Structure formats: C-alpha cells, structure tokens
Amino acid sequence: MNDLSSNLIAIYIFVLGLCLGSFLNVVILRGLANEEFVRSRSKCPKCNNQLTWYMNIPVLSYIFLKGRCAFCNEHISFQYPLVELVCGFCFLGAFLAFGLTLKTLFICLILSFFILLAGTDFKQMVIIDTHAYILAIIGVLYTVFKLSDITIIESLVGGFLGFIFFEFFARVAQKIIGTRMFGEGDSLIAVALGTIFGYKTLFLVIALSFIIQCFIAIPFIGYTAFKDKKFFLSISYLVVFVCILCVFCVNYFDLFSNEGKYLIFAFCVCVLLFWALKNILKEMSLKKRLIDNNENDDIKKTAFCFMPFGPALIFSSVICLFFLPQIKEILLKFIN
Ligand SMILES: [Zn+2]
C-alpha cells in the first residue's frame, strides 16, 4: 500500500468510528431508558422534534449548532461529541496499530463494547448485562480465530476467574459490612475481559485498573470535598494521593538508597492502609444506609466507594489491548 491510499483508509476508518460513535450514543441513552432503539428516529430529548440529517453529522453538527438544539435552544450533552471522538480515535488507533486485518476488526468491535459499558456506567452506574455477555462471546471468538496469543482454555478460565474474583470480594464485603464492594456489573465486565485477555493478563488488567482508579478518583474526590468546604477530608485525600505518588516515584525512578526506599515505602503503605480502613469502612456503612433508606445524599460526591469501578477497568483494558508488552516491561522494572 502506498502512503496516499493508506492515509485515505486511515481517514475513512476515523470517520467510520465517528459515525459508529454516534450510534453508540443512541444505544447508551436508549439502553438506559429501556427504549427500543431500532424503530424510532433521533429526537431532541427536550422538545421531541425529529432531527434532520444535517443535525445528525457526528461532531460537526455539535460544533455548528454551538452545542444547542436547533429547535428549542436546549444544551446538547457533551457526551455526544465526546463518545464520537473517542470511538473515532479508538478505530484509528486500532488501524494504525494492527493494519487492515481481521484483528483490527475485532479490536474495533471490542472497543465499541468497551465504550458502551463505560458509557452506561459513567452516566448512571449501570451496566447493561447484554453488552457484557456479547463482549464475552466476542472475547472467545477473538481467541478461536487465533488473533491473540492465548489458548481457548486460557480464555475460558479467564472469564471464569474474572467472575469469581470480583464476586468473591463483593460478597466478602457484603458479609462483613453489609454491602457489596463492587457492583454485579463489574463481575460481568470481568468475565468479558477474562475471555479477551486470558487469566494471566486479566490480573494485570485488574491491577492496572486499581492504580488508574486511585489516580482518577482520589484527586477528583479531594477537589470535590475542597469545593464543599470539607477541608479536613480534602487534606486527607491529598495526603493519600501524595503517598501513592511517592510509592510510585520511589520505586520507578529508583530514588534513594535501598534503606531509604523501604522506609518511605513502609511509611506510605501504613498511611494508605490506615486511610483505607478508616475511610472505606465508614463510607461503605454510609453506602448501606443510603441504599437501605433510599436517601439521595450529597455524601456520594465525596465518597470513594461511590465512584463506579467499571470505567477504570475498561480504561486499563484499552491500554493493555494496545501496549501490553510495554506495560509488562514497566511492571518488571517495579518488581526488580
Ligand atoms: Zn430541542
């Protein structure tokens, strides 16, 4: 393939991703609203006017309409162009990484379902079960067609262990504190990820997702607490975040002598453990109270346990789909 034609294909695949992203938006919203999405045409959720074709062009319509509905001037959610762009860049990335192959087609399919799962989880902390089941089947087929370097057994065991892992911790927490540590949705996502990655890589994906969750959730919650003038809480999150950063930097960049390294490491781990025990246990009992009484408190905004875990799990999977060898290399550097 010469440069021009491969550039044209790249643009074509990017636009295809934008269009599919547009469709995924509809699947996310109508899936949550439990509507059937095949029959009805796109409408403005506020004024119910049917959208004409030029209001349905991915990203461009949002820019030309300046983010507002052409009929009633209502704000259009930023979710629309965001999902379209994410899907476009995911498809483009798959093509650039794996060329015009069957593997790329599968990666695009997998990424589309990742977007669906993360989208519904972000929006309403809900996973549509069917999305996870279909993704699990795609994961098995991905192995059957020999597109990854795992065996079919590893894929199936991965799905099984993924489910067991999340259900185990969720139920242990249920026994101890009375509420699940992870949602049922996370267990289903783990099944799908297990079939895609196989059981060995699955645990790498899970470990990475915990790290990602900490890096996203902790500063976010600290900032929210600060805005709500809960200064003590925000400082406690800041301390925790600095501790996590220290653990990483000290290990990764090989700062300090061995003795100093272990001292800092031990100190940070103690702070983190203390924080986790105190905060997470407190929050989980709060969560139980909120669920039991059906209250809708603003505690949710400043509680670690109310952050959905699915998006972190999926973000980590996307990284592993593209950069597995590099991730393994970095982890080996940590262990040594
Ligand atoms: Zn409208």
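Quick look at the values:
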{"item": "Order by protection proxy (mean Cβ within 10 Å, highest first), peptides 145-158, 110-123, 319-332", "result": "110-123, 145-158, 319-332"}
{"item": "Dipole in debye (nearest 20) - the chain, about Cα centre, beta carbon charges: Lys, Arg +1; Asp, Glu -1", "result": "600"}
{"item": "Binned Cα-Cα distances of the stretch 1-100, short to long, each 5 Å bin given as a whole percent", "result": "3, 12, 20, 22, 17, 11, 8, 5, 3, 1"}
{"item": "Most positive-pole-ward Cα, Phe113, His131, Leu82, against dipole of the chain from beta carbon charges", "result": "Leu82"}
{"item": "Loop trypsin sites (Lys or Arg not before Pro), the stretch 180-250, which have at most 13 other Cβ atoms in a 10 Å radius of their Cβ (DSSP)", "result": "Lys229"}
{"item": "For the chain, Kirkwood radius (reciprocal of mean inverse C-alpha pair distance, Å)", "result": "22.2"}
{"item": "Under the span-like rule (Cα at least 24 Å along the axis, Kyte-Doolittle mean at least 0.0), DSSP H helices of the chain", "result": "3-32, 79-98, 102-124, 152-177, 184-227, 231-252, 258-275, 310-335"}
{"item": "Positive-end extreme of charge dipole, the chain - chosen from Thr101, Ile150, Leu202 (charges on Cβ)", "result": "Leu202"}
{"item": "Farthest toward positive dipole pole in the chain [+1 Lys/Arg, -1 Asp/Glu at C-beta], among Pro311, Phe248, Asn73", "result": "Asn73"}
{"item": "Cα centroid of the stretch 124-138 to Cα centroid of the stretch 41-57, whole Å", "result": "27"}
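Just so you know, all these numbers are worked out from the coordinates, no wet-lab data involved. Owing to the predicted nature of the structure, the values given are computational and were not obtained by experimental measurement. As a convention, Cβ positions derive from the backbone with ideal geometry for all residues, glycine included, and neighbour counts pool all protein chains shown.
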